[in-house]
Ligand SMILES: [Zn+2]
Ligand SMILES: [Zn+2]
Ligand SMILES: [Zn+2]
């Protein structure tokens with residue numbers, strides 16, 4: 001694991017052996033909340049109902065404090081983890097004032113990758129001034145003369161020219177350690193993520209990966225794609241609760257197992273491990289009837305700008321998966337299955 005990935009497993013430690021419960025609100029507010037299932041629904045409700053917004057914030061305060069207290073005690077290389085407060089609405093407005101100097105068309109609610117991709121001025125700016133990785137984000141003056149975004153460079157030119165993006169951690173030739181920072185600084189490096197390479201271990205008994213065996217979905221912390229959790233038999237109430245608690249406590253990333261060996265659900269529930277964040281949504285997700293699923297693009301998992309298949313495609317295939325404009329522009333083909341044989 002590289003240092004950024006190690007952070008994820010350390011973060012899980014703060015969540016071990018702790019049970020969390022927010023403070024109750026009054027009955028009316030609890031009743032409103034009971035009918036909201038997703039965070040998005042809760043956010044929308046709180047947007048309209050100021051009282052709910054304020055009381056809900058108070059209600060989760062103790063949980064946040066507890067988690068913050070536990071997280072602050074974690075360490076990596078003798079350095080304690082730090083907790084930051086979420087951005088206030090004022091902060092967000094101020095940030096957008098600056099973003100609008102780069103691209104005046106971007107709206108605050110456009111948070112998905114697909115919607116950001118449509119803002120070409122922003123994309124141009126990103127390409128020439130950023131280095132974006134899964135776990136890091138760097139921004140630097142581009143140094144181009146006549147750039148319409150960068151203010152003049154204040155550092156002496158020879159010092160500015162020496163400033164490079166921080167390189168990615170790279171494995172050394174012994175494959176046991178990482179290369180020295182000084183050897184890599186200023187060189188082109190590529191992101192190397194063990195979690196992005198296909199896991200070779202996948203010990204799932206045959207017949208389990210089936211749409212009728214999907215018991216729950218979990219979203220990857222990094223790519224946000226839903227991944228299916230399977231079990232051979234239906235889970236009884238005790239196992240269901242056990243799974244809910246497990247999922248509430250785990251920071252899941254594509255390719256990792258779901259139940260640790262010591263857990264009572266080990267070898268009872270399964271998740272595909274030969275996948276990584278760029279793997280498409282599992283085909284069984286689309287045929288799952290047991291759980292509430294969303295119509296999302298087969299490749300990227302986004303629900304914006306889905307395309308309508310035309311009749312000629314419908315005549316050729318028995319199954320046509322949802323497909324979005326962004327993936328089409330990237331050169332992907334319609335995801336389909338089961339070519340219908342046409343007799344001449
Ligand atoms: Zn620039
Ligand atoms: Zn992922
Ligand atoms: Zn897509």
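The values are calculated or read from the model by the stated rules, or taken from the named source; none is laboratory data. Predicted, not measured: the structure shown is a model, and the values here were computed from it. Backbone-built Cβ (ideal geometry, glycine too); neighbour counts: all protein chains shown.
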Yes/no for residue 10 being under 23 Å from the mean Cα position of the chain (by Cα) and in a helix (DSSP H, G or I): yes
Considering residues of the stretch 219-248 that are under 23 Å from the mean Cα position of the chain (by Cα) and under 12 Å from residue 270 (Cβ atoms) only, the residue nearest to ligand 3 (Cβ to nearest atom): 227
Being within 16 Å of ligand 2 (Cβ to nearest atom) and assigned to a helix (DSSP H, G or I) is the filter here, so list the residues in the stretch 68-113 that pass it. 113
Restricting attention to the stretch 247-260, which residues are away from ligand 2 (no atom under 16 Å from the Cβ) and in a loop (DSSP other than H, G, I, E, B)? 259, 260
Condition set outside any loop (DSSP other than H, G, I, E, B) and within 16 Å of ligand 2 (Cβ to nearest atom), scope the stretch 203-246, selection nearest to residue 303 (Cα to Cα): answer is 226
Is the stretch 194-204 home to any residue that is in contact (Cβ under 8 Å) with a residue 12 or more places away in the chain, on the phi > 0 side of the Ramachandran plot, loosely packed, with under 11 Cβ neighbours inside 10 Å and away from ligand 3 (no atom under 16 Å from the Cβ)? no
When you check residue 111 against the structure, is it more than 16 Å from ligand 1 (Cβ to nearest atom) and either closer than 24 Å to residue 253 by Cβ or in contact with a helix residue (DSSP H, G or I) (Cβ under 7 Å, 6 or more places away or on another chain) (or both), yes or no? yes
How many residues are under 22 Å from residue 22 (Cα atoms) and free of Cβ contacts under 8 Å to residues at least 12 places away in the same chain when one looks only at the stretch 49-86? 11
Number of the exception - residue 233 against (1) modelled with pLDDT under 90; (2) in contact with a helix residue (DSSP H, G or I) (Cβ under 9 Å, 6 or more places away or on another chain): (1)
Name the residues in the stretch 230-262 that are within 22 Å of residue 5 (Cβ to Cβ) and either crowded, with 18+ Cβ neighbours inside 10 Å or touching a strand residue (DSSP E or B) at 6+ places or on another chain (Cβ under 9 Å) (or both), would you? 246, 247, 250, 252, 253, 254, 255, 256, 257, 258, 259
Would you say residue 148 is more than 16 Å from ligand 2 (Cβ to nearest atom), assigned to a loop (DSSP other than H, G, I, E, B) and without any contact (Cβ under 8 Å) to a residue 60 or more places away in the chain? yes
Is there a residue in the stretch 307-321 that is within 16 Å of ligand 2 (Cβ to nearest atom) and at negative phi? no
Residue list for the stretch 134-145, filter: surrounded by 10 or more Cβ atoms within 10 Å (Cβ to Cβ), part of a loop (DSSP other than H, G, I, E, B) and within 15 Å of ligand 1 (Cβ to nearest atom): 140, 141, 142, 143, 144
Matching residues in the stretch 116-127 - criterion: being within 16 Å of ligand 1 (Cβ to nearest atom) and closer than 30 Å to residue 6 by Cα: 126, 127
Has the stretch 282-292 got at least one residue that is crowded, with 17+ Cβ neighbours inside 10 Å and not in a helix (DSSP H, G or I)? yes
Please go through the stretch 20-48 and give me each residue that is touching a helix residue (DSSP H, G or I) at 6+ places or on another chain (Cβ under 8 Å) and part of a loop (DSSP other than H, G, I, E, B), ordered by number. 20, 21, 22, 23, 24, 25, 26, 36
Would you confirm whether any residue within the stretch 154-161 is more than 14 Å from ligand 1 (Cβ to nearest atom), surrounded by 10 or more Cβ atoms within 10 Å (Cβ to Cβ), modelled with pLDDT under 95 and farther than 17 Å from residue 127 by Cα? yes
